[in-house]
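The values are calculated or read from the model by the stated rules, or taken from the named source; none is laboratory data. Treat the numbers as computed from the prediction; the structure is a model and nothing was measured. Neighbour counts are summed over all protein chains in view; Cβ atoms, including those assigned to glycine, are modelled from backbone coordinates with ideal geometry.
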Amino acid sequence: MTIRQAAGVNRLNFGPGQRYDYINISIIDNAIPEDDKYFLVKLLNPTGGAETGLGSTINITIASSDDAYGKFQFTSDSLTATVNETGDTGFTVVNFKVERLGGKIGSVTVFWQIENDVGNDLVENSGSVTFVSGEETKVIGVKVRGDPYPELDEFFVLKLTGVNKGELGNSFRLQANLTVLSNDDPYGVFTITDNNRPIRTEEGDHVVTLTVQRQQGFVGLVRVNYTTLDATEYYNFLPGSVARANKSDFVPVSGYVQLGLNQNREDFDIHIRDDQIPEGDESVFVRLTSVELISGGQSRPVSFSPRLGPNQQTYAQIIINQNDNANGILELSTASVAVSENFTGSIVDVVRKEGSFGEVSVKFEVISGTAVNTVDYSVTSSDVILADRERRKRVPVEINDDRIAELNETFTIRLLPQITGGAQLGRLISTQVTILSSDDPKGAFEFSTSGSSVEEPESQSGQSVEITVSRMGGTLDVVAVQWEATLNGVPATADVSPTQSTIYFTSNQASEKIVITVLPDDEPEDQEDILITLTAATNGGRVGSRNVFRLTILPNDDPHGIVQFEQDRFVLKELSADDTQHIKLTRSGGSFGQLRVSYSTEQVDILAIVSNQGQDILDYYTQPVYGANTPQDGFSVDVSGAPEPVEMCARTCLSTRACLVFQYNSTAAICTWFTSGRNDSFMPAADVRYYMKNVTKAMTLYDIQAESGQDYTPVTGASVIIQDGASSGTIPIQILADRLPELDERFLVRLTNVELVSGPPSNPRNNPRLGNIQMATVVIDKNDDANGIFSIFSNDPRALNGGRVVEVEEREKLFVDLVVERGGGSIGEVYVMWSVDQSRSNATKGIDFIADGASLIFGPGETRRALTIGIIDDDEAEDDENILIFLSNPQGGAVIGPNNTVNVIIMANDNVGGTLGFAQSSVLAREGDNLTMVVQRSRPARGNASMEWEIKGLNGLDPALGFRVYQGSLVFKEGELEKTISLHILEDATPEVNEEYRIFLKNLVTSGVRQTGEAILDPQSYVASITIQGSNDPHGVFQFASSSMLVHTPEANTTVQLMVDRKFGAIGDIHVYYEIKKGSVSNLNVNKILYSYP
């Protein structure tokens, strides 16, 4: 606060008998924080005989003001805080910021206190912070004590309790809330007890009980889920290298246990099954999978509580002890066995049945019969040892091959009841072994040679072949030997007879012959190998190793085939690039061996075409004239030996494309042809006939003749391979690409030779040969659109997409010209139809456009025609409309290309986006009113329209003083017809007359509609008037000033001035009328006081 005046002076007047009077001092308030201030008031210079006494001076103190020492409260970001208790000792500091508002004068101490710390969780429950002069903030550090006890969320209130100076601030900011979050697993940590890792049990139908234990906190009802693990499930914290039980050993289960408040353990059961399968130790693993809080505790979830303990403590291992003869039952593999003397494998095995766990051993003995130990057999060990999991092991007894012819011999192997490793003896413990007779006492039968070859006979009776079978080794007794003849694994009945039989050997007979007849046929065949096989020998005889004889029948009956073209005419395509295509060869008769087929290409002989059509060669020339060019300008042809020299000369000229003219001198018998017509040297001559080629007619021949090197790649002496067994082949033909429109063109392909790749056959009559169709005509199909390919487009430079899209405005008498072009060739007369596709057009014929469609005719060589579409104008607001023009129904060999449509788009028009403006042109409102301005949009309202609006004041009025919001924007989505602008008129205490404002729409932007149809602002309604009526007595309220309400004046001849106050508004010139009543010393006068604008 400050004094109104420094060293102010005034006077007090005391009348007779007056004891006191007042000194009025005004203390001025301001917003500046200030400490105590003082000033002195002294009585000075008394008059009239008075004097000043002891109390003539007063010391006035203006107390500190405007919160000079400050107001103290928590900052907004310190009203709440959460903290995690850290560690089991020490403390964590949480900072709360105290702010000092208002003045910052002097040093101030702020006192604080914390309630609710019943568990001694905080290091300090009270304290203070001191602000030095000018300091604005201070931090209170609350220390949260660390401890090992599980706890839920704890809540504390930190209060500012007092200050030694200044004052406390807003009551809502004088306390802060501190939450110490749950810690040390209040809901518990869950594991399986250590004595369940492992727990052993016997196999059988019973249960094993496991225990879940709860450590740390015991708050709430908690569900712990568990599951048994499948034998294939593995986790890295499980014991490795243990046998796993499968579902036949226990009942798979997934379940849960629940532990309530203060409960620290709970049991659950796993059902063990019994089976008859021998098994070693097997483990069942049970794992805790998850834990969840069911009820109790607090509403806020506690992170990571409840939870499972370490992985290595969350599983149980149940070991089912080995069972059901796990080490096995030992027996021999067979009761009897017969082996040859040269046998080297396992004679008999020890077999372990039931279980196969662990290493076991068994002793055995060998009892001789007719076979003698060490002579006919040997024993290399007296024990058989089977390793863990091993099911079978050979008995270590071997057969000795003494190469002495012997009859059957026997001995016996028997297991002894001397076993280690826990196994037991079974029932089959003895095997009789028979050593079969040896060294072929009755002979081994083989072919004396490996094979021979024969030609297929011509005679229908066939040809006999004798094959010798030899008897090796012994020759005792009578033996029958069976044989069979096969081709490719099946009886060779079509080639030999018989295909199977038996030959007989008597005692001491060393050989015998097989007689077989080779049969004739007419089938082409390559070399055939008939396999004659000895299949069996009776009465103890044996078939030896050389038991197959190969009888080769050489190739016959055109075995390599007859090759020709599949047909005499092939049609190939000329593509956009050089391309190799194929024509087919067929191979009839035999298909044996690889063939090389040689071929060449030839041009079509146009002279042969003329002859085949029965035409005269001179029909391709005009009538002759008598005269001659200089022979030196042409090319001479020797026709001296020709019976018809003129015809020969004409044939030469016709077959030569460059020849345009020939002349024949009958006197000199000289023919000359020229590449041009008559020249300056042409002279009449009676003995020279001058013929000019009819080029148009000749072109009909030339057009069908494919030119070597231009239309196809010529080939001479080329060849292709037909593979062995293939009945067909192909010849590659390279068709050369060009851009010349052409009709069908022809050339010839001729087969010149065929031969075996492997060389000539042994019999020349079996050589491959060419068939009847040795020459084929290849037709290159007409190409490059010889008769034309139609397209339609606009050549307007503004057209889009290569002229296929034309955008036009809707205007009266607007015509759209389109071009139909005949690309490619222009051979012959062709037709094409143009039409409007109404199904793909949304413009309406007769309303939006005029177009009827028509057939266009193109003569030979004609490449372009034009058509016209008329556009009709209307007043209807429309979005884009299209007219799709398309080509169809080509005639005369022409085709329609891909560019066969033009889309004529009549662009959006007549402000299809809408016309926008205010619904009301003027509005009258008062201060404090809420005002709604409606903006309307005319139909069809296509696209989106956005604009800005702004309020402007007239006569310099500031809209910011009249409206809360005085500018903004609007967005109309497609189809929206109305939006509102909400305005709030500000209210104040300022006297005001009517205020005039204008609200404008501006900066309209349309999207989704092209420019020709975009929205516009209505020129009549894009602005509206807003009038705020006058308020708060704008012209003023008039009364006498307080100092003029009572006026004392000495009685004298004087004038008294009375003051009139004008309060509130002071707008305009105002006349105030007054009158004087009672006590007036003069007549009552009515005067006027004129007030003007200040």
Quiz item: What is the one condition in (1) touching a residue at least 60 places away in the same chain (Cβ under 8 Å); (2) surrounded by fewer than 19 Cβ atoms within 10 Å (Cβ to Cβ); (3) closer than 30 Å to SER576 by Cβ that ASN795 does not satisfy?
Solution: (1)
Exercise. Return the residue satisfying two criteria in turn: it lies in the stretch 297-330 and is of a type in the set (A, V, I, L, M, F, W, C) and within 30 Å of HIS271 (Cβ to Cβ), and of such residues it is surrounded by the most Cβ atoms within 10 Å (Cβ to Cβ).
Key: ALA316
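Being among the acidic types (Asp, Glu) and closer than 30 Å to SER728 by Cβ narrows it down to one of ASP633, ASP638, ASP619, ASP578, so name that one.
ASP578
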Quiz item: Looking at (1) in contact (Cβ under 8 Å) with a residue 60 or more places away in the chain; (2) surrounded by fewer than 18 Cβ atoms within 10 Å (Cβ to Cβ), can you tell me which one THR601 breaks?
Solution: (2)
Quiz item: What are the residue pairs meeting all of these: first residue in the stretch 423-435, first residue on the phi < 0 side of the Ramachandran plot and without any contact (Cβ under 8 Å) to a residue 40 or more places away in the chain, second residue buried (at least 17 other Cβ atoms within 10 Å of the Cβ) and outside any strand (DSSP E or B), Cβ atoms under 6 Å, and 6 or more apart or on different chains?
Solution: none
Exercise. For VAL257, work out the one condition from (1) in contact (Cβ under 8 Å) with a residue 60 or more places away in the chain; (2) within 13 Å of THR191 (Cα to Cα); (3) among the aliphatic types (A, V, I, L, M) it doesn't fulfil.
Key: (1)
Exercise. Find the residue count for the stretch 980-1006, including only residues that are touching a residue at least 60 places away in the same chain (Cβ under 8 Å) and among the aliphatic types (A, V, I, L, M).
Key: 6
Self-check item: Search result, residues across the stretch 166-220 that are part of a strand (DSSP E or B), over 30 Å from ASP121 (Cβ atoms) and of a type in the set (Val, Ile, Thr)
Solution: ILE192, ILE199, THR201, VAL207, VAL208, THR209, THR211, VAL212
Quiz prompt | Which numbered condition VAL563 misses (of (1) β-branched (Val, Ile, Thr); (2) under 30 Å from LEU736 (Cα atoms); (3) modelled with pLDDT under 90) | solution = (3)
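What strands (runs of 3 or more DSSP E) completely inside the stretch 819-873 contain at least 1 residues that are at pLDDT 90 or above and within 48 Å of the chain's Cα centre (by Cα)?
Strands (runs of 3 or more DSSP E) meeting the threshold: 830-836, 864-871.
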Quiz item: Looking at (1) at pLDDT below 90; (2) touching a Ser or Thr at 6+ places or on another chain (Cβ under 7 Å); (3) outside the structural domain of LEU575 (by TED's automatic domain parsing), which is the one condition that is false for ALA737?
Solution: (3)
Quiz item: Are there any pairs with C-beta distances below 8 angstrom linking a residue in the stretch 458-480 that is over 11 Å from VAL543 (Cα atoms) to a residue that is assigned to a loop (DSSP other than H, G, I, E, B) and hydrophobic (A, V, I, L, M, F, W, C), with the two at least 6 apart or on different chains, and if so which?
Solution: GLY462/LEU519; GLY474/ALA405; THR475/ALA510
Quiz item: Considering the stretch 348-371 alone, what residues qualify as being more than 26 Å from ILE277 (Cα to Cα), among the aliphatic types (A, V, I, L, M) and touching an Asp or Glu at 6+ places or on another chain (Cβ under 8 Å)?
Solution: ALA371
Quiz prompt | the stretch 48-70, subset surrounded by fewer than 12 Cβ atoms within 10 Å (Cβ to Cβ) and assigned to a helix (DSSP H, G or I), residue nearest to the chain's Cα centre (by Cα) | solution = GLY55
